[in-house]
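Undergrad: This structure is in structure tokens; I'll ask about it shortly.
The values are calculated or read from the model by the stated rules, or taken from the named source; none is laboratory data. Keep in mind it's a predicted model, so treat the numbers as computed, not measured. In this analysis, Cβ positions are derived from the backbone assuming ideal geometry, glycine residues included, and neighbour counts consider all displayed protein chains. Only protein heavy atoms, including side chains, enter the accessible area calculation; ligands, DNA and RNA are left aside. Shrake-Rupley method; radii C 1.70, N 1.55, O 1.52, S 1.80 Å.
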Amino acid sequence: MPIIEPSNKLSRTQKEYRICSNPYVFYRIIVDQYGARLMTATASEDAGGYRAFENQKFLISSTVQVFGDFDMEIVTKEDHAGRLYVETPVFLDAQHLIHIATTALDRMGFEDVAVLALRDMKALYEEFVIDDSGEDTYLSDGMWVRSDGRLIEK
């Protein structure tokens, strides 16, 4: 399951987090004077533990698709070693950031409990949706499911 954890990979002068699912680190979140940015991770953690996902091109292409789906800005950059990554400005909403990461991992076919749950919720939406409007679909007891698989209470 993708989780957000503190990290100090890039600098000790800014707040940093990683979004990871064992054994990989997929994303980094940087918080500095310019705000918060979500970026694909290009390198493994220095202290071991999580390693960078091997297929960086696939991670980047899946992330670009998801950023596009969520109407997020896409900026392509290179790290100090010349490796490409993409980033976007974000708000620090852990639930939304995990949803973005889970959606990208789903696109990549990564098997993880959160990804499998998201697939199930999307299938549930498809089962109960009555038209192609993309509107939320009512389940019961005030619970709705969105087309992207998120549950909401109205």
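Undergrad: Could you please report the charge total around R146, scoring K, R as +1 and D, E as -1 over all other residues with beta-carbon less than 13 angstrom from its beta-carbon? Could the numbers behind the result be given before it?
TA: Working: positive: K122, R150, K154; negative: D69, E126, E135, D136, D148, E153.
Local net charge: -3.
Undergrad: Cross-link candidates for K9: which lysines have Cα within less than 22 Å, leaving aside residues fewer than 8 places away along the same chain?
TA: In chain and number order, the partners are K57, K77.
Undergrad: Using a cut-off of under 16 Å, list every residue of segment 16-43 whose amide N is near the label point 7 Å from the Cα of K77 along the Cα-to-beta-carbon line.
TA: Within reach of a label on K77, which here means backbone N under 16 Å from a point 7 Å along Cα→Cβ, segment 16-43 contributes 16-19, 27-43.
Undergrad: What are the lysines whose alpha-carbon lies under 21 Å from the alpha-carbon of K154, with same-chain residues fewer than 8 places away excluded?
TA: Once the sequence-local lysines are set aside, what remains near K154 is K122.
Undergrad: I need the semi-axes of the equivalent ellipsoid of segment 64-113: take the C-alpha gyration tensor, multiply each eigenvalue by 5, square-root it, list largest first in whole angstrom.
TA: Values for segment 64-113, descending: 20, 15, 11 Å.
Undergrad: Accessible area per residue of the chain at 1.4 Å probe, in Å²?
TA: 57
Undergrad: While we're here: Between exposed GluC sites (Glu not before Pro) in the chain, where DSSP calls loop and at most 16 other Cβ atoms lie within 10 Å, what's the longest gap? Walk me through the numbers before you get to the answer.
TA: Numbers: sites that count: E54, E73, E111, E135.
Value returned for the longest uninterrupted segment is 1-53.
Undergrad: Right, another one. Roughly how many percent of the accessible protein surface of segment 3-153 is carbon and sulfur, given a 1.4 Å probe and a whole-percent answer?
TA: Its accessible area is 52 percent carbon and sulfur atoms.
Undergrad: Looking at the chain, which longest stretch skips every one of the chymotrypsin sites (Phe, Trp or Tyr not before Pro) that is in a DSSP loop with at most 16 other Cβ atoms within 10 Å, leaving the sites themselves out?
TA: Within the chain, the longest run free of exposed chymotrypsin sites (Phe, Trp or Tyr not before Pro) spans 92-154.
Undergrad: May I pose another question? Using only the Cα atoms of the chain, construct the convex hull and provide its projected area averaged over every direction, in square nanometres to one decimal.
TA: With every direction weighted equally, the projected area is 10.0 nm².
Undergrad: Here is a follow-up. Rounded to whole Hz and in sequence order, give me ³J(HN,Hα) for segment 132-145 from the Karplus expression 6.51 cos²θ - 1.76 cosθ + 1.60, θ = phi - 60°, writing x for Gly and Pro.
TA: Going residue by residue, I get 9, 6, x, 5, 4, 10, 6, 9, 4, 6, x, 9, 10, 10 Hz, with x marking Gly and Pro.
Undergrad: Follow-up question, since we're still on this one. Rounded to the nearest 5, what % of DSSP beta bridges with both residues in the chain are antiparallel?
TA: On the way: 31 of 33 bridges.
So the antiparallel bridges in the chain amount to around 95 percent.
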